Amino acid sequence: MRLKDKVCIITGSARGIGHATALKFAREGARVVVCDLDRKGVDAVVAEIENGGGEAIGFVVNVVDKASIAAMVKGVMARYGRIDTLVNNAGIVEDSQFRKMSDEQFDRVIDVNLKGTYNCTRAVVDVMLAQTSGVILNASSVVGLYGNFGQTNYAASKFGVIGMAKTWARELGRKGIRANAVCPGFVETPILKSIPEKVMRALIERVPLGRLAKPEEIANTYAFLASDEASYINGAVIEVGGGATI
């Protein structure tokens, strides 16, 4: 098991890619910290991991609320005394063409996707520095590589977390901390339900593999990057998009 006994925090892990990542990490032997706004969802994922023989604890965390993040980190340290991996997975979409996008739509996406990534990483970095080890994984997107129609706010946030990962890789690498960004393509998750069927068909046609990704395929990438097998990968931007940017 490539993540045996590693303490791994995954934000937004009650559903979608975060849920798949939590299950994958547990199967790899990690002590999983399930974080999400949805208490019932958190409890369900913790129970699912435990029923499968894994170890997990859960916290209700709002990534724009520093107090809830601090309470989670305090609880993790009280339980385990260390933090090995942070997966900054929590994110939202509020799509609109630029000329129709409200300031509130822009601000909400930036607050969760970009500022939330900053908030969570800031809350764990001192722990990792004291350990002289740690892995920070930021959820970007192929949209963070080429932009996308109707997603000014989302694209800005996903470009931003790539910049953060690269900066942290430079600043923290010599301290034993690796930082990388993962750029999923379009994935079979509930977040895509808002996209019209005609638009979805067009998106799939752009992918050389001819299909959407499964959440488990993104989770597999996170698990590799969190493991010691990726010990020399730092500041990387890994596209998991089926070739969508070709």
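Looking only at strands (runs of 3 or more DSSP E) that fall completely inside segment 129-246, which ones have 2 or more residues that are of a type in the set (A, V, I, L, M, F, W, C) and buried (at least 22 other Cβ atoms within 10 Å of the Cβ)? Quick ask: steps written out before the conclusion?
On the way: elements: 134-139, 177-184, 237-240.
Once the strands (runs of 3 or more DSSP E) in segment 129-246 are filtered for at least 2 residues that are of a type in the set (A, V, I, L, M, F, W, C) and buried (at least 22 other Cβ atoms within 10 Å of the Cβ), what remains is 134-139, 177-184.
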Criterion: among the hydrophobic types (A, V, I, L, M, F, W, C), surrounded by 21 or more Cβ atoms within 10 Å (Cβ to Cβ) and either within 14 Å of Val87 (Cβ to Cβ) or within 14 Å of the chain's Cα centre (by Cα) (or both) - qualifying residue of Val46, Val42, Val7
Val7
Out of segment 74-118, which residues are within 16 Å of Gln151 (Cβ to Cβ), polar (S, T, N, Q) and touching a Gly at 6+ places or on another chain (Cβ under 7 Å)?
Ser96, Gln97, Asn113
Out of segment 69-94, which residues are surrounded by fewer than 17 Cβ atoms within 10 Å (Cβ to Cβ), of a type outside the set (A, V, I, L, M, F, W, C) and farther than 21 Å from Gly29 by Cα?
Lys74
Within segment 196-246, which residues are over 18 Å from Ala26 (Cα atoms), more than 17 Å from the chain's Cα centre (by Cα) and among the acidic types (Asp, Glu)?
Glu197, Glu205
Tally the residues that are touching a helix residue (DSSP H, G or I) at 6+ places or on another chain (Cβ under 9 Å), surrounded by fewer than 24 Cβ atoms within 10 Å (Cβ to Cβ) and over 15 Å from Val7 (Cα atoms), restricting the search to segment 51-63.
4
Just the residues that are under 12 Å from the mean Cα position of the chain (by Cα) and under 12 Å from Met164 (Cβ atoms), please, taken from segment 87-117.
Asn88, Asn113, Leu114, Gly116, Thr117
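Only one residue in Glu239, Glu217 is of a type in the set (Asp, Glu), in contact with a strand residue (DSSP E or B) (Cβ under 7 Å, 6 or more places away or on another chain) and touching a residue at least 40 places away in the same chain (Cβ under 8 Å), so which one is that?
Working: Glu217 fails: touching a residue at least 40 places away in the same chain (Cβ under 8 Å).
Criteria check complete, one pass: Glu239.
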Which of the helices (runs of 4 or more DSSP H) contained wholly in segment 7-109 include at least 1 residues that are modelled with pLDDT of 95 or more and among the acidic types (Asp, Glu)?
39-51, 103-109
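The values are calculated or read from the model by the stated rules, or taken from the named source; none is laboratory data. Since we're looking at a predicted model, the values are computed, not measured. Reconstructed Cβ throughout: ideal geometry from the backbone, glycine too, with neighbour counts over all protein chains shown.
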